[in-house]
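Written below as structure tokens is the structure these notes are about.
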Amino acid sequence: QVDLEETGGDSVQSGGSLRLFCHASEFTYMGYCMAWFRQTPGKVRDGVALIDTDGISDYADSVKGRFTISQDNAKNLLYLQMSSLKPEDTAMYYCAAGRCLPVHERGGSISPAEFDYWGQGTQVTVSS
């Protein structure tokens, strides 16, 4: 069992910054890759950022250069630092854990099917 809990969601102005946190249960980062997804009502859950077991990250094109995924394994925390936020970034953000291929072996997008464990989400709202 891997327990995940997201915090840090808020309402911010366009162009602002926000940091999301995902607290994981003990040993979550041992042998798992971690990712952030986002979803708006009526739409599919889209991959935002992934960090593999080697600590290598990958991002959706829409957030490259603006978002940074990172881990603090000692604190069992996953982070998503978001900058230059846009209204289209508005979504419920979820962290996820699972077994996945290393970034250098990956192709295509970050798929929810790769991840077995999910948090409940934290809402990010970006206003114009």
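Would you confirm whether any residue within the range 97-107 is without any contact (Cβ under 8 Å) to a residue 40 or more places away in the chain, more than 19 Å from Q13 (Cα to Cα) and not in a strand (DSSP E or B)? Break it down into steps so the answer makes sense when it comes.
Going residue by residue through the range 97-107, those that are without any contact (Cβ under 8 Å) to a residue 40 or more places away in the chain are 105, 107.
Now restrict to residues that are more than 19 Å from Q13 (Cα to Cα): 105, 107.
If we keep only those that are not in a strand (DSSP E or B) too, we end up with 105, 107.
Taking every residue of the range 97-107 in turn, at least one turns out to be without any contact (Cβ under 8 Å) to a residue 40 or more places away in the chain, more than 19 Å from Q13 (Cα to Cα) and not in a strand (DSSP E or B).
If you check S57, S70, S62 for being within 16 Å of P102 (Cβ to Cβ), surrounded by fewer than 22 Cβ atoms within 10 Å (Cβ to Cβ) and more than 9 Å from the chain's Cα centre (by Cα), only one passes: S57. Among the residues of the range 11-44, those identified as at pLDDT below 95 and closer than 23 Å to H104 by Cα are T28, Y29, M30, G31, Y32, C33, M34.
To keep it simple, each residue is scored yes or no on (1) without any contact (Cβ under 8 Å) to a residue 40 or more places away in the chain; (2) out of contact with any Asp or Glu (no Cβ under 6 Å at 6 or more places or on another chain); (3) under 18 Å from V126 (Cα atoms); (4) aromatic (F, W, Y).
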{"position": "Q39", "(1), (2), (3), (4)": "no, yes, yes, no"}
{"position": "L50", "(1), (2), (3), (4)": "no, no, no, no"}
{"position": "N76", "(1), (2), (3), (4)": "no, yes, no, no"}
{"position": "Q81", "(1), (2), (3), (4)": "no, yes, yes, no"}
{"position": "M92", "(1), (2), (3), (4)": "no, yes, yes, no"}
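Of all residues in the range 75-96, those that are among the hydrophobic types (A, V, I, L, M, F, W, C) and more than 13 Å from G65 (Cα to Cα) total 6. Each residue in the range 80-121 was checked for being within 10 Å of the chain's Cα centre (by Cα) and either polar (S, T, N, Q) or open to solvent by 40 Å² or more (accessible area, probe 1.4 Å) (or both), and 1 pass.
The values are calculated or read from the model by the stated rules, or taken from the named source; none is laboratory data. Note that the coordinates shown come from a computational prediction; the quantities given were computed from them, not determined experimentally. Reconstructed Cβ throughout: ideal geometry from the backbone, glycine too, with neighbour counts over all protein chains shown. These accessible areas exclude ligands, DNA and RNA; they are computed on the full protein's heavy atoms, side chains included. Shrake-Rupley method; radii C 1.70, N 1.55, O 1.52, S 1.80 Å.
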